[in-house]
Amino acid sequence: MSFDIINKLKGPETIIYEGIPAAPGYAIGPAFIYQKEQIEVYPSVSLSTEFEIEALNFAIERSKKELTKVIEFAKEKLNEKFAGIFKAYLMILEDPLLIESIKKNIIENRHSAEYSVEIAFKKHIDQMRLTNDPAMIERSNDIEDIKLRIVRNLRRKRWESKLTRSVIIVAKNLTPADTVLFTRNDVLAYVSEVGGLTSHTAILARALNVPAVVGIKGLVNQIKNDEIIIIDGFSGLIIKNPNEEILNYYNKQIESYDLRKKKYQELRNVVCKTKDNHHIKLLANIDFLDEIPFAIASGAEGVGLFRTENLFFEKGTFPTETEQIEAYLDLASKFYPNVVTIRTFDIGGDKIKFDEAYKEANPFLGWRGIRLLLDLPDVLKTQFRAILISSVYKNIRVMLPMVSSIDEVIKAKEIFNQCKEELKEAKIRFDEHIKFGIMVEVPSIVFCLKEISRYVDFVSVGTNDLTQYLLAVDRGNEKVFKSYQEFHPALIRVLRQIIKELYRTKVEVSICGELASNLYAVPLLIGLGYNNLSVNEYLLPEIKRLILNYKLSDCKKLAVKCLQSTSNTEIEKIISDFNKKYKGENNESL
Ligand code: PEP
Ligand code: MG
């Protein structure tokens, strides 16, 4: 909704770009267009095999040294976990098979070292890009960066990432190394054409406390060096040619955010209660284990969603039972005694594919989530076993994705119980009272919840998919993006229906879709009856700050009004008026 405010304030020259808000905060300052020198590698032959191999060894050693420096810097600025991203790159440089294949090419085909590096990396990069999976494509950019590093060192050139003044970095693509190294200078914000919420750049920017907006195609050609721009890392806006009014608005936002950040520290251990004393539990969504320290620092009362498919993604195949146990124990021990919700692999749809060769006409409606897992019982069993074995701290619960019928719940629960029996026989300890739950993200399941309540202890509402399936809108499709209405009256009514269906059952309800992290949606969700919100860790303190100011009784009135509304715009207006009233009364809200 910041867009509406800015749109009203803007002058004739002002241009607003909308991207993905990747790291919170605001910045106003000169743009620095960061364009790496284009390195093109053309087919070329080697004149002396010995010379090429020697040059290759030199370039690899120098690349390793550079990366070791980045690791040291990342450790200093962040911690061991983040340095791990770069250690993975170092491992690629140390991969004997890769190095061998490059050398073989130099010797057998008499290609130059440069061209041999290009051939060896190209195969991997092309394979990753062919998947059409945005996350995979992002990772292929990281691999490309390693290749360019070696080629640059073969040409004995150096890259400069030192800046002489405070700037907003605007780039086509920022690698994780660029992101970390730029913080040796005074970086005000990052903007990158490429990337998503879970890209390494976004994760690092959040960890480094630098605002970031990603995902605006063609931006580098629209902004000039030194041009003053505004970055809004909360709503994903970039503003070019801001007028007086917009500058005043953002200067005030910056001032109040600085004050709020100080308050976040104080809020960390404050229980999240509304003014009229209702506890709202704030949990964190975790995509990668790197995020654990930040989720803990944000004051999260546990993990409402751990997306285990990212373990599959990182490894390129299903992790073993032991690897899974290691990850789940890490989470469970660090959050103990708070709850950790482990969702079984949600593979398929728009996410990572299990079998690249298997093409579907409608992946969103296809082999995805629990459907796929029930067809691969060994995979599901291994995951259930790993979750059970990790449940010794008694703070883990298990959740199934993409459930569309009660049969799926019954079948999965049978397998789960079978795993429990096997572990008992083998005398392996686990939490016998471990909670079993499902995601509510397919509309059909909303109307089966009463019956399902016999089989589950909790449900978590996935509004990302629920909105997509309820409104029949592919969120990733730019052409229909406008129809993806987060405040569509049908969605708000379905959200209320879920609460009603489970009323007077023992089933605990939470919400873990992006809507729970939408600052405007928070009072509405509370008013609809949601007491457990699982949110993006970096927005959690801000959400807590807002809730501390609300009265549940007012939020309920807001919900009643929204439930009677007939359009997305009307609901947005009602929430906006509600916020204005709170702001008027408390001078504190949005
Ligand atoms: C959702 O669909 O809202 C959800 C939380 O799951 P994911 O985003 O992982 O599909
Ligand atoms: Mg989902």
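The values are calculated or read from the model by the stated rules, or taken from the named source; none is laboratory data. Quick caveat, the model's predicted, so the values are computed rather than measured. Neighbour counts are summed over all protein chains in view; Cβ atoms, including those assigned to glycine, are modelled from backbone coordinates with ideal geometry. Heads up: the accessible areas ignore ligands, DNA and RNA and are worked out on the full protein's heavy atoms, side chains in. Shrake-Rupley method; radii C 1.70, N 1.55, O 1.52, S 1.80 Å.
Being surrounded by fewer than 19 Cβ atoms within 10 Å (Cβ to Cβ) and either more than 33 Å from the chain's Cα centre (by Cα) or touching a residue at least 12 places away in the same chain (Cβ under 8 Å) (or both): is that true of residue 48 here?
Here the answer is yes, as residue 48 does meet what is asked.
Open to solvent by 40 Å² or more (accessible area, probe 1.4 Å), in contact (Cβ under 8 Å) with a residue 24 or more places away in the chain and either within 16 Å of ligand 1 (Cβ to nearest atom) or at positive phi (or both): is that true of residue 334 in this structure?
no
From the residues in region 443-453 that are within 16 Å of ligand 1 (Cβ to nearest atom) and either open to solvent by 20 Å² or more (accessible area, probe 1.4 Å) or of a type in the set (Phe, Trp, Tyr) (or both), which one is farthest from the chain's Cα centre (by Cα)?
If we filter region 443-453 for residues that are within 16 Å of ligand 1 (Cβ to nearest atom), which is where we start, we get 443-446.
If we keep only those that are either open to solvent by 20 Å² or more (accessible area, probe 1.4 Å) or of a type in the set (Phe, Trp, Tyr) (or both) too, we end up with 443-444.
Numbers: 443: 24, 444: 27 Å.
Checking each candidate, the answer is 444.
So residue 582 fits all but one of (1) over 30 Å from residue 307 (Cα atoms); (2) at pLDDT 95 or above; (3) assigned to a helix (DSSP H, G or I); (4) open to solvent by less than 30 Å² (accessible area, probe 1.4 Å); what number is the exception?
All conditions pass for residue 582, except number (2).
What residue, among those in region 430-441 that are under 29 Å from the mean Cα position of the chain (by Cα) and surrounded by fewer than 22 Cβ atoms within 10 Å (Cβ to Cβ), is nearest to residue 345 (Cα to Cα)?
The residue in question is 436.
Looking for whichever is assigned to a helix (DSSP H, G or I), of a type outside the set (Phe, Trp, Tyr) and under 22 Å from the mean Cα position of the chain (by Cα) here; the options are 139, 152. Which one fits? If you could, list the steps in order and put the result at the bottom.
Working: 152 fails: under 22 Å from the mean Cα position of the chain (by Cα).
Of the residues listed, the single one that is assigned to a helix (DSSP H, G or I), of a type outside the set (Phe, Trp, Tyr) and under 22 Å from the mean Cα position of the chain (by Cα) is 139.
Yes or no, residue by residue, for (1) outside any helix (DSSP H, G or I); (2) of a type outside the set (D, E, K, R); (3) at pLDDT 95 or above:
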site: 445; (1), (2), (3): no, yes, yes
site: 454; (1), (2), (3): yes, no, yes
site: 464; (1), (2), (3): no, yes, no
site: 480; (1), (2), (3): no, yes, no
site: 487; (1), (2), (3): yes, yes, yes
site: 498; (1), (2), (3): no, yes, yes
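Scan 341, 322 and give me the residue that is in contact with a Lys or Arg (Cβ under 6 Å, 6 or more places away or on another chain), under 30 Å from residue 87 (Cα atoms) and at pLDDT 95 or above.
On inspection, the qualifying residue turns out to be 341.
Out of (1) in a helix (DSSP H, G or I); (2) more than 15 Å from ligand 1 (Cβ to nearest atom), the odd one out for residue 355 is which?
(1)
Return the residues of region 509-564 that are charged (D, E, K, R), over 27 Å from residue 25 (Cβ atoms) and either under 23 Å from the mean Cα position of the chain (by Cα) or open to solvent by less than 10 Å² (accessible area, probe 1.4 Å) (or both); say none if nothing qualifies.
none
Using the structure shown, decide if residue 422 is assigned to a helix (DSSP H, G or I), farther than 18 Å from residue 503 by Cα and either away from ligand 1 (no atom under 16 Å from the Cβ) or modelled with pLDDT of 95 or more (or both).
yes
For region 486-496, indicate whether the set of residues that are more than 16 Å from ligand 1 (Cβ to nearest atom) and touching an Asp or Glu at 6+ places or on another chain (Cβ under 7 Å) is non-empty.
No.
Which members of region 219-253 meet the condition of being of a type in the set (Phe, Trp, Tyr) and either open to solvent by 80 Å² or more (accessible area, probe 1.4 Å) or part of a loop (DSSP other than H, G, I, E, B) (or both)?
Within region 219-253, just 234 meets the criteria.
Inspect region 388-409 for any residue being open to solvent by less than 50 Å² (accessible area, probe 1.4 Å) and aromatic (Phe, Trp, Tyr) and give the result as yes or no.
So far as region 388-409 goes, no, none of its residues is open to solvent by less than 50 Å² (accessible area, probe 1.4 Å) and aromatic (Phe, Trp, Tyr).
Write out, first by first residue and then by second, each pair whose Cβ atoms fall under 6 Å of each other, whose residues are 6+ apart or on separate chains, and whose first residue, in region 553-565, is under 15 Å from residue 494 (Cβ atoms) while the second is of a type in the set (A, V, I, L, M) and in a helix (DSSP H, G or I).
Going by the 6 Å Cβ cut-off, the qualifying pairs are 559/524; 559/528; 562/492; 562/524; 562/571; 562/574; 565/571.
Out of the residues in region 261-315 that are in a helix (DSSP H, G or I) and among the polar types (S, T, N, Q), state the one that is modelled with the highest pLDDT.
310
Does region 100-119 include one or more residues that are closer than 30 Å to residue 348 by Cβ and at pLDDT 90 or above?
Within region 100-119, none of the residues are closer than 30 Å to residue 348 by Cβ and at pLDDT 90 or above.
Within region 465-492, restricting attention to residues that are open to solvent by 40 Å² or more (accessible area, probe 1.4 Å) and within 14 Å of ligand 2 (Cβ to nearest atom), which residue is farthest from residue 403 (Cα to Cα)?
If we take residues in region 465-492 being open to solvent by 40 Å² or more (accessible area, probe 1.4 Å) and within 14 Å of ligand 2 (Cβ to nearest atom), then 476 is farthest from residue 403 (Cα to Cα).
Residue by residue through region 1-45, note down the ones that are over 21 Å from residue 219 (Cβ atoms), hydrophobic (A, V, I, L, M, F, W, C) and surrounded by fewer than 17 Cβ atoms within 10 Å (Cβ to Cβ).
1, 5, 39, 45
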